[in-house]
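See structure below.
The values are calculated or read from the model by the stated rules, or taken from the named source; none is laboratory data. The shown structure was predicted, so the numbers you read here are calculated from the model rather than taken from an experiment. Using ideal geometry, Cβ is built from the backbone for each residue, glycine included, and neighbour counts are taken over all protein chains shown.
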Amino acid sequence: MTIRLHPWRLSVCRIPPRIGHEAVGGAFSATVSAPNETSVVCEEGREPLGARVEPGWRAFEIQGPIDFDQVGVLASVLNPLADALVPVFAISTYDTDFVMVKETDLRKANRALLLAGHEVSPVTAEESRYFDSSPRSRP
């Protein structure tokens, strides 16, 4: 499976339920509303006013499109990250799955995904500092 790290620096925010949020814009954003809360994922610096903010996230994109009948796609990424003790925040769109990890865990996440047999690549040359293309031991 091919996985790509995006250069976006993201925040996960919680705003009160049923409260609208201003358009956050940027390269990536997602809003999920449940009866008791609304969550917004957006680029750092574009957080809704008054939101509880958890910054420092980075997004790995599982290259798609991923058909709805495919089984175990997220598990094949999440299980190695759990084994490496890397916390995640996952978001899915119609065609694509994104797995977010804290920027401080990028090296550990990269090693875990490579050891699990995934091809992981940075989008920009700057991001290559997090990548070891041949990990020698388990994270």
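Only residues in the stretch 105-125 that are farther than 16 Å from residue 8 by Cβ count as the first member; pair them with residues that are in a helix (DSSP H, G or I) and among the aromatic types (Phe, Trp, Tyr), Cβ under 9 angstrom, at least 6 apart or cross-chain, and list the lot.
Going by the 9 Å Cβ cut-off, the qualifying pairs are 107/130; 110/130.
Please tell me if residue 32 is touching a strand residue (DSSP E or B) at 6+ places or on another chain (Cβ under 8 Å), farther than 21 Å from residue 105 by Cβ and among the hydrophobic types (A, V, I, L, M, F, W, C).
Working: touching a strand residue (DSSP E or B) at 6+ places or on another chain (Cβ under 8 Å): yes; farther than 21 Å from residue 105 by Cβ: yes; among the hydrophobic types (A, V, I, L, M, F, W, C): yes.
Yes.
Taking the stretch 53-64, which residues are touching a Phe, Trp or Tyr at 6+ places or on another chain (Cβ under 8 Å) and without any contact (Cβ under 8 Å) to a residue 60 or more places away in the chain? Break it down into steps so the answer makes sense when it comes.
First pass over the stretch 53-64, keeping only residues touching a Phe, Trp or Tyr at 6+ places or on another chain (Cβ under 8 Å): 57-62.
Listed by number, the residues that qualify are 57, 58, 59, 61.
Can you pull out the residues in the stretch 113-128 that are modelled with pLDDT of 85 or more and surrounded by fewer than 16 Cβ atoms within 10 Å (Cβ to Cβ)? Before you say what the answer is, go through the steps one by one.
Filtering the stretch 113-128 down to residues modelled with pLDDT of 85 or more leaves 113-120.
Correct list: 117, 119.
Can we say residue 131 is under 23 Å from residue 27 (Cα atoms), crowded, with 19+ Cβ neighbours inside 10 Å and either modelled with pLDDT under 95 or in contact with a Leu (Cβ under 8 Å, 6 or more places away or on another chain) (or both)? Steps first, answer last, please.
Details: under 23 Å from residue 27 (Cα atoms): yes; crowded, with 19+ Cβ neighbours inside 10 Å: no; either modelled with pLDDT under 95 or in contact with a Leu (Cβ under 8 Å, 6 or more places away or on another chain) (or both): yes.
Spelling it out, it is not the case that residue 131 is under 23 Å from residue 27 (Cα atoms), crowded, with 19+ Cβ neighbours inside 10 Å and either modelled with pLDDT under 95 or in contact with a Leu (Cβ under 8 Å, 6 or more places away or on another chain) (or both).
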